[in-house]
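The values are calculated or read from the model by the stated rules, or taken from the named source; none is laboratory data. Since we're looking at a predicted model, the values are computed, not measured. Backbone-built Cβ (ideal geometry, glycine too); neighbour counts: all protein chains shown.
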Ligand SMILES: [Zn+2]
């Protein structure tokens, strides 16, 4: 324990950067024993218990990304990685499941996520849950919850109760969110899940991408989703055709901007249906 504490003290004052080349990954300390590894896809949360390490999400697939992630983790602790949680099915969060499974690490996710990854011939979790799952490694308790479909059908969050922190997966992002209706997204469910998260005893969140967020940031993101939802419903109600729905819903004042690829027809159809379109 003394040795681990010494290693942590070294990184407390500054961030560390993995130096193995390729897509850079940067370590940021969030709380005592809690870190986030940024870069190469979505954020990876790193939780240090005295019985080993727990990760949440494992970035875009690739040996270089995996090696850099391991190097970033090793800059914090040389304890073994015990488990990797998957927050949702998107490629930038679950890309290196196969490498962790090959290393004997438990990969944990919802049953819907596991089914979807297996359907795509991608490495799926070898430990699945449907709603709530707790991993208790001595000082390292982590509680995963799946509430309902939101950003995708699978969304899970991972709470670290001892430090009042939560890994949010794709449920909170900095910048413009993705509404992946093709993967079972549900805007009303997303808002309701953020309400549930705001009931938790947490004071900091690690978003899918971007810097750690406060409760106020989570509430502001929820408010943006509610505004977007209301505008989409209003557009459908005033007779905007499906093909013009996205252009008719203002988002620039929410700080969002769509890329040309953001709304393929199946995605627009999902928003249209959820907004009451017939
Ligand atoms: Zn995502």
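Out of all the residues in region 58-72, which are assigned to a helix (DSSP H, G or I) and without any contact (Cβ under 8 Å) to a residue 40 or more places away in the chain? Full working, then the answer.
Of the residues in region 58-72, the ones assigned to a helix (DSSP H, G or I) are 63-72.
63, 66, 70 - these are the residues of region 58-72 that are assigned to a helix (DSSP H, G or I) and without any contact (Cβ under 8 Å) to a residue 40 or more places away in the chain.
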Original post:
Are any residues in region 260-272 without any contact (Cβ under 8 Å) to a residue 12 or more places away in the chain and either closer than 18 Å to residue 173 by Cβ or not in a loop (DSSP other than H, G, I, E, B) (or both), and if so, which ones?
Top reply: 261, 265
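Consider region 33-57. How many of its residues are over 19 Å from residue 208 (Cβ atoms) and assigned to a strand (DSSP E or B)?
Restricting attention to region 33-57, the residues satisfying the condition of being over 19 Å from residue 208 (Cβ atoms) are 33, 48-53.
If we keep only those that are assigned to a strand (DSSP E or B) as well, we get 48-49, 52-53.
The qualifying residues number 4.
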Original post:
Which one of the conditions (1) away from the ligand (no atom under 16 Å from the Cβ); (2) under 19 Å from residue 199 (Cα atoms); (3) not in a helix (DSSP H, G or I) does residue 158 fail to meet, given that it meets all the rest?
Top reply: (1)
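Let's see how each residue does on (1) in a helix (DSSP H, G or I); (2) within 16 Å of the ligand (Cβ to nearest atom); (3) farther than 25 Å from residue 129 by Cβ; (4) at pLDDT 95 or above:
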{"site": "168", "(1), (2), (3), (4)": "no, yes, no, yes"}
{"site": "190", "(1), (2), (3), (4)": "yes, yes, no, yes"}
{"site": "195", "(1), (2), (3), (4)": "yes, no, no, yes"}
{"site": "236", "(1), (2), (3), (4)": "yes, no, yes, yes"}
{"site": "239", "(1), (2), (3), (4)": "no, no, yes, yes"}
Original post:
Is there a residue being away from the ligand (no atom under 16 Å from the Cβ), touching a residue at least 40 places away in the same chain (Cβ under 8 Å) and part of a helix (DSSP H, G or I) anywhere in region 175-182?
Top reply: no
Subject >> Pair list, Cβ under 8 Å, 6 or more apart: region 201-229 residue on the phi > 0 side of the Ramachandran plot, other residue modelled with pLDDT under 95 and surrounded by 17 or more Cβ atoms within 10 Å (Cβ to Cβ) >> reply: 210/173
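Identify, from the list 143, 217, 201, the residue that is surrounded by fewer than 23 Cβ atoms within 10 Å (Cβ to Cβ) and in a strand (DSSP E or B).
143
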Subject >> Matching residues in region 78-130 - criterion: being assigned to a loop (DSSP other than H, G, I, E, B), touching a strand residue (DSSP E or B) at 6+ places or on another chain (Cβ under 7 Å) and away from the ligand (no atom under 16 Å from the Cβ) >> reply: 79, 80, 105, 125, 126, 130
**OP:** Inspect all residues belonging to region 118-131 and state whether any of them is out of contact with any helix residue (DSSP H, G or I) (no Cβ under 7 Å at 6 or more places or on another chain), surrounded by fewer than 16 Cβ atoms within 10 Å (Cβ to Cβ) and within 26 Å of residue 50 (Cα to Cα).
**Re:** yes
